[in-house]
Amino acid sequence: MKIVILTLMIFVIAMSANNASELPKHLYVDSLNFEKRINTIHSKVIDLTDIFALHHIKEFNEVYFEPLKFEDSVIRYLQKPVSLENKIIAICSMTKLPVNKYIDILNSYFLLYTKNKINEELLNRSIFNEFDTDNRLTKQYKNPQVRELLFKMINCNTLSKPFKADLKETLNGKRLNNLKRTGHL
């Protein structure tokens with residue numbers, strides 16, 4: 001019986017490998033393809049001072065509205081020696097991830113920071129993402145996963161005091177209350 005099961009497992013694995021090239025293209029986005037996509041987006045939006053101009057770019061919207069297809073590519077991309085603007089585009093493109101996946105990717109960004117793969121400015125832009133007009137992290141401040149991430153970041157020795165102060169305001173709900181009070185939520 002064990003031999004039959006083992007034989008079936010080997011057969012299934014072999015068939016999967018043979019059919020891998022037949023998988024829909026969106027299930028595997030290689031890093032080079034993603035990098036070209038980000039370069040195309042950046043070439044079409046020269047000035048990122050108006051970050052919402054990204055929504056006018058077809059290639060950006062393809063990633064933004066289907067982020068699950070690209071999240072691994074973003075993590076690999078952020079570790080490359082590319083411009084800050086390109087990295088910001090990549091981070092903004094992940095804003096529509098489902099909440100738990102969004103928290104996971106924020107954890108990944110923090111891990112990249114702790115490994116010196118991204119700098120504090122980019123980490124700050126990812127946590128307080130101006131493209132996230134729903135302020136999902138701020139609204140999720142009671143979520144245990146968010147609280148754990150914020151605590152880890154607050155206890156990180158290398159983050160600046162102003163950044164930690166913003167994190168603390170998020171953690172204690174003050175940031176959410178301020179957004180509500182000023183009509184931003």
Going residue by residue through region 136-147, the Karplus relation 6.51 cos²θ - 1.76 cosθ + 1.60 with θ = phi - 60° gives ³J(HN,Hα) values, rounded to whole Hz and with x marking Gly or Pro, of 4, 5, 4, 5, 8, 4, 8, 4, x, 5, 5, 4
How far is the Cα center of region 140-185 from the Cα center of region 73-122, in Å?
-> 18 Å
With a ≥ b ≥ c from the Cα gyration tensor eigenvalues, square-rooted, and the rule rounded for a/c under 1.5, otherwise prolate when a/b > b/c and oblate otherwise, region 30-101 is oblate
Enumerate the residues in region 90-117 having an amide nitrogen under 17 Å from the point lying 7 Å beyond the Cα of Glu130 toward its Cβ.
-> 90-95
Phi-derived 3J(HN,Hα) across region 115-126 with the Karplus relation (6.51, -1.76, 1.60, θ = phi - 60°), rounded Hz, x for Gly and Pro, is 9, 6, 8, 9, 8, 5, 4, 5, 4, 4, 5, 7
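Rule-based calculations on the coordinates, nothing more; no lab input. Keep in mind it's a predicted model, so treat the numbers as computed, not measured. Positions of Cβ are generated from backbone atoms using ideal geometry, with glycine treated the same way; all protein chains shown enter the neighbour counts.
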